[in-house]
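**Q** Got a structure here, written out as structure tokens. Questions coming.
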Amino acid sequence: MKNIIVYGFIFVFLMLLSPGVIAQENIPYQKPSEDLLKLVDYERVPIVRFDSNREVMLYLYRDQFKSLSDLSMPQMRLAGLRINPVTNIASDVTYYTNAKIKRVDKLNDQPKDIIGMPENLQMANISFSPNDKFIAFTNTTINGVELWVIDIDNFKAYKLTDNSVNANLNNPFTWMKDSKSLLVRLLPADRGSIISQEAVLPAGPIISQSKGIKSQNRTFQDLLKNSVDEQNFELLATSQLYVVDLNGAKELFLDSAIYTSEIISPDGSMVLISTIERPYSYIVPMNRFPRKSTVYSFDGTFKKVVNETPLMEISPKGFSSARDGMRSLGWRADKPSSLYYIEALDGGDPSINVEYRDQLVQWDYPFDSTPRTLVKIEGRYEGVIWGDDNYAIISDSWYNTRNTKSYLFSPSDFTVKPIVLVNRNSQDIYSDPGSFQLQRNEYGRGVLRINKGNIYLIGDGFSENGHNPFLDELNLKTLNKKRLYSSNLDGKREDIESIMQIGSGSTKLLVRLQSQTEYPNFYIRDLGRGQRSKLTAITNFSNPVEEISKLYKEVITYKREDGVILSGTLYLPSDYDFINKPKLPMLLWAYPREYADIESASQNNTNPNTFTLPSTSSFVYWATKGYAVLQGAAFPIVGIDGNEPNDTFIEQLIMNAKAAIDALDGLGYIDRERVAVGGHSYGAFMTANLLTHSSLFKCGVARSGAYNRTLTPFGFQREQRNFWDVPEVYNRMSPFMHAHKMKKPILLVHGEADNNAGTFTFQTERYFQALKGLGADARMVILPLESHGYEAKESIMHLLWEQDRFFEENLKK
């Protein structure tokens, strides 16, 4: 035994000295080469928000990146939330740092500055008033959150509250119907202090118990862990509700509770208030805690408790499962004060065979009569669009069949059989009829746009012939469709955003145009009567990264060996020699997606005229450095011959990858011996599997992935079966289980504070330990303070440096 110990010590010592074994490196943050840096660090083009009438544009400006100091602010992780306990707002909020206003009809004007905006603006939770005269927003200071309002007509901003707004759960205010006041969540006057975990000795063990009822919960993160967490969650989530007018005067509406939503009735006379109640849970996040929904009058008088839902730790198996009892409670948009809700007719359990899955129910004020059923639907409820007493549209879906339907029904007559307007495969984008269009009614609510017995749909218009967005008119009596407009621009992409005007002598659409070299801008398209369609530009944004638009870009299509048609966007250097065709190293970036049939998986939704503004999650930058890049390569995983998609996950990954490489090799652009693959999250999972099970790639980059599926035992991605249903599928799909087969260099990257369900940071840490222990060529980079997506400038620059060095080392040297 003594000799074994000595030999073991010597072996470990020699291994540590070996150049093939590298311990942790402590290096400062690095920056990529200057040619990459200039493509990434530029001034962002502002985001544009429109009022409901499409008359006012709010330009919102923000920084390109956050900083490490932003990410290092105090943070508490409770009940699925990440909260800054000092400022009382979610710690992952992205703020706007400037705002300007422009009127749509002032075509020649530049966006105007807003007078009186706060210094060091940290703007979030932006909301136009019902009359579109004001814009409310929160401003986060170092000590808390304030509520501000912008007077649109006068281009002025002013503060309504001090920094006592509680924005820890979600948007902390709601406009009242008269646009003269807001219902605001404020910190309680008698609020206590955060309890330190270290300051409290445990009173006893933490006990959870199962009563033998099956329940499949995903691997949620940031959950409550003990009684101290419960108390801190309650303290941070509790608010008092105040009515605050536009002069800043406030009046208490309701006392302290954990408020999650405040919905004003269409006539403004009542408020539907939802609160979180005890008991809390240590295995599911806040959105499954018990809730109580109560109706109050406008002056705060209690009317009725209309719903109470229990803690939902137990859920039926399957993506089409639902909560039993009343759900999706809200006000009917075309009635003064009528509630509607959805009720499962199968107990929310997809395994139970019934004729109808859900029913839509209406409950009229004062809520003392029996609620009445309006319509029953075959699938699981997806949404309702109210119109009037005669017409409304309800939609459902069913995951196992990928079916979705939309029904036209009469809200006033249950005996009238609903008409199926849409019945299609939800993954079949070529058959997508578009979205039903809305207009504001007398209550200021969005309802079905009905004009002379017609309703309207705006669709993407993808087909085998390309991308041709459209506007359709559907007659409610005959159900005949008429195409009013179809985009077919040469060299440009057009997207129809909304209807601005229709049925009054002319039709005007808000559209967005772009091309490979032109940044997306908004236009008004006037279809007119008896005249050619006219375009009027209302924004004029320029290309912030000229170098990227110089790249050669082409959407290519190709087939994998079983006949599935694939596509991807190819980028080549701007100076590529198409005559001599030098063989370039290739980078492939992809993300697998599940499909139920080959036809849907073969469809193409990529427009070659889309402007390229690369994000740091793509490989496009490296086309400027002499690489061929296939971005967004299609990686369908298809359920074939009655099998689930994941039953042949590995085989289909390899077929997808081989088809992409064969296609570019057949075009003569690449050296197929120098190909790298990369992806983020499920794309990282894909990358590790491809490097493990195929010899197609020289190396790969896997970012924020999950590599051991036994650690997500109750499903992942679109997999409904649990580990004990199909252990062979979970094991075969897990790169961790096959770490001994890894023979190619892999760069593993993960955020230290990943909050995505399933992609715990330790997934990468344990996978790296396995690879290192088995002698694989692997490098792991853990980015401090980062979550599932990376935000700090320092992190992103270092990531680009790591990737660039990795590609140069493995593909060019």
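**Q** Looking at this structure, is MET742 farther than 22 Å from ASN26 by Cβ, open to solvent by 60 Å² or more (accessible area, probe 1.4 Å) and either out of contact with any Phe, Trp or Tyr (no Cβ under 8 Å at 6 or more places or on another chain) or not hydroxyl-bearing (Ser, Thr, Tyr) (or both)?
**A** No; evaluated as a whole, the condition is false for this residue.
**Q** Give the number of residues within the range 738-764 that are under 23 Å from LEU68 (Cα atoms) and touching a strand residue (DSSP E or B) at 6+ places or on another chain (Cβ under 7 Å).
**A** The number of residues fulfilling the criteria is 9.
**Q** Next question. Which of the strands (runs of 3 or more DSSP E) found entirely inside the range 31-108 contain at least 2 residues meeting this: closer than 30 Å to ILE276 by Cα?
**A** Output list reads 76-78, 81-84.
**Q** Please go through the range 712-734 and give me each residue that is more than 21 Å from GLY318 (Cβ to Cβ) and not in a loop (DSSP other than H, G, I, E, B), ordered by number.
**A** The answer is ASN731, ARG732.
**Q** Just checking, does the range 795-809 include any residue being touching a residue at least 12 places away in the same chain (Cβ under 8 Å), of a type in the set (A, V, I, L, M, F, W, C), farther than 24 Å from SER69 by Cα and open to solvent by less than 10 Å² (accessible area, probe 1.4 Å)?
**A** yes
**Q** Where in the range 354-449 are there strands (runs of 3 or more DSSP E), lying fully within it, with 1 or more residues that are touching an Asp or Glu at 6+ places or on another chain (Cβ under 6 Å)?
**A** 358-364, 372-377, 380-386, 392-398, 403-409, 446-448
**Q** Hey, another quick one. Kindly indicate the residue of the range 376-403 that is more than 20 Å from ILE352 (Cβ to Cβ) and crowded, with 20+ Cβ neighbours inside 10 Å and also farthest from the chain's Cα centre (by Cα) among those meeting that condition.
**A** For the range 376-403, the residue satisfying everything is TYR391.
**Q** Please work out which residue is farthest from TYR558 (Cα to Cα), limiting yourself to the range 450-477 and to residues that are assigned to a loop (DSSP other than H, G, I, E, B) and touching a Gly at 6+ places or on another chain (Cβ under 9 Å).
**A** LYS452
**Q** Here is a further query. For the condition more than 30 Å from PRO130 (Cα to Cα) and loosely packed, with under 11 Cβ neighbours inside 10 Å, what is the one hit in GLN197, GLN231, GLN209?
**A** The unique qualifying residue is GLN209.
**Q** Give the range 478-505 a look and list any residue that's in contact (Cβ under 8 Å) with a residue 40 or more places away in the chain, assigned to a strand (DSSP E or B) and not charged (D, E, K, R), or say none.
**A** LEU484, TYR485, SER498, ILE499, MET500
**Q** Look through the range 310-333, keep the residues that are open to solvent by 20 Å² or more (accessible area, probe 1.4 Å) and more than 19 Å from ARG380 (Cα to Cα), and return whichever of them is modelled with the lowest pLDDT.
**A** So the residue we want is GLU313.
**Q** Any idea which of (1) in a loop (DSSP other than H, G, I, E, B); (2) open to solvent by 30 Å² or more (accessible area, probe 1.4 Å); (3) more than 30 Å from GLN221 (Cα to Cα); (4) at pLDDT 95 or above is the one LEU121 doesn't satisfy?
**A** (2)
Listed here are the residues, each with its yes/no results for (1) open to solvent by 40 Å² or more (accessible area, probe 1.4 Å); (2) under 26 Å from the mean Cα position of the chain (by Cα); (3) farther than 30 Å from GLN427 by Cα.
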{"site": "LEU457", "(1), (2), (3)": "no, yes, no"}
{"site": "ILE496", "(1), (2), (3)": "no, yes, no"}
{"site": "ILE502", "(1), (2), (3)": "no, no, yes"}
{"site": "ILE524", "(1), (2), (3)": "no, no, yes"}
{"site": "SER533", "(1), (2), (3)": "yes, no, yes"}
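**Q** Could I ask something else about it? Is there any pair linking a residue in the range 551-579 that is free of Cβ contacts under 8 Å to residues at least 24 places away in the same chain to one that is open to solvent by less than 60 Å² (accessible area, probe 1.4 Å), with Cβ under 9 Å and at least six apart or on different chains, and which?
**A** Hits for this filter: PHE578/LEU572.
**Q** Restricting to the range 261-290, what's the tally of residues that are more than 18 Å from GLU234 (Cβ to Cβ), of a type in the set (D, E, K, R) and surrounded by fewer than 17 Cβ atoms within 10 Å (Cβ to Cβ)?
**A** Number satisfying all stated conditions: 1.
**Q** Yes or no: LEU747 touching a His at 6+ places or on another chain (Cβ under 7 Å), free of Cβ contacts under 8 Å to residues at least 60 places away in the same chain and either over 24 Å from ILE27 (Cβ atoms) or not polar (S, T, N, Q) (or both)?
**A** No: the conditions fail for LEU747.
**Q** While we're here: Please pick out the residue among PRO614, PRO608, PRO582 that is at pLDDT below 95 and either open to solvent by 50 Å² or more (accessible area, probe 1.4 Å) or not in a strand (DSSP E or B) (or both).
**A** Result of the check over PRO614, PRO608, PRO582: PRO614.
**Q** Collect the residues in the range 672-705 that are farther than 18 Å from ALA778 by Cβ, open to solvent by 10 Å² or more (accessible area, probe 1.4 Å) and not in a loop (DSSP other than H, G, I, E, B), keeping them in residue-number order.
**A** Across the range 672-705, the qualifying residues are ARG672, GLU673, ARG674.
**Q** Taking the residues in the range 504-514 that are surrounded by fewer than 18 Cβ atoms within 10 Å (Cβ to Cβ) and in contact with a strand residue (DSSP E or B) (Cβ under 8 Å, 6 or more places away or on another chain) as candidates, determine which candidate is farthest from ILE450 (Cα to Cα).
**A** Among those that are surrounded by fewer than 18 Cβ atoms within 10 Å (Cβ to Cβ) and in contact with a strand residue (DSSP E or B) (Cβ under 8 Å, 6 or more places away or on another chain), it is ARG512.
**Q** Still on this model: If you go through the range 585-605 one residue at a time, how many are among the hydrophobic types (A, V, I, L, M, F, W, C) and open to solvent by 30 Å² or more (accessible area, probe 1.4 Å)?
**A** 2
**Q** Just checking, does the range 656-671 include any residue being assigned to a strand (DSSP E or B) and surrounded by 23 or more Cβ atoms within 10 Å (Cβ to Cβ)?
**A** yes
**Q** Can you list the strands (runs of 3 or more DSSP E) found entirely within the range 127-241 that contain at least 1 residues being touching a residue at least 12 places away in the same chain (Cβ under 8 Å) and within 22 Å of ILE276 (Cβ to Cβ)?
**A** 134-140, 145-151, 173-175, 181-186
**Q** Count, please, the residues in the range 411-425 that happen to be surrounded by 15 or more Cβ atoms within 10 Å (Cβ to Cβ) and of a type in the set (S, T, N, Q).
**A** 1
**Q** Considering each residue of the range 559-575, count those that are open to solvent by 20 Å² or more (accessible area, probe 1.4 Å) and either farther than 19 Å from ASP662 by Cβ or of a type in the set (A, V, I, L, M, F, W, C) (or both), and give that number.
**A** 3
The values are calculated or read from the model by the stated rules, or taken from the named source; none is laboratory data. Keep in mind that this is a model prediction, so the values were computed, not measured. Backbone-built Cβ (ideal geometry, glycine too); neighbour counts: all protein chains shown. SASA here: full protein model, heavy atoms, side chains in, ligands and nucleic acids out. Shrake-Rupley method; radii C 1.70, N 1.55, O 1.52, S 1.80 Å.
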